[in-house]
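**Q** Sharing a structure, written as structure tokens. Questions coming.
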Amino acid sequence: MRFSLFAIVFTLLLGGCSSTWEGVKQDSSDIWNSTKETIHDATE
């Protein structure tokens, strides 16, 4: 019983962390692209 409960909690934790990590990567990519566009516009 304890092992199955631990396995379920562990799976949910890993699933939540991986989707959070994807969100962080997407946000940092958006920020990087925005910064590059701003620098390009400023140097024109």
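A short reminder: the numbers here are calculations on the coordinates, not readings from a lab. Because the structure is predicted, anything quoted here is derived from the model rather than measured. FYI the Cβ positions are ideal-geometry reconstructions off the backbone, even for glycines, and counts take in every protein chain you see.
**Q** If r is the Cβ-Cβ distance from THR35 to ILE8 and R0 is 30 Å, what FRET efficiency results, to the nearest 0.05?
**A** Rounded to the nearest 0.05, the efficiency is 0.15.
**Q** With a sphere of radius 15 Å drawn around the Cβ of SER29, what net charge do the other residues whose Cβ falls strictly inside it have (Lys, Arg +1; Asp, Glu -1)?
**A** The answer is -2.
**Q** Using a Förster distance of 35 Å, how high is the FRET efficiency between ALA42 and GLU22, based on the Cβ-Cβ distance and rounded to 0.05?
**A** Working from the Cβ atoms, E equals 0.70.
**Q** If you don't mind, another one. Can you compute 3J(HN,Hα) from phi for each residue in the range 28-44, using the Karplus curve 6.51 cos²θ - 1.76 cosθ + 1.60 with θ = phi - 60°, rounded to whole Hz and x for Gly and Pro?
**A** Working through the residues one at a time gives 5, 5, 4, 5, 4, 5, 5, 5, 4, 5, 5, 5, 4, 5, 6, 8, 6 Hz.
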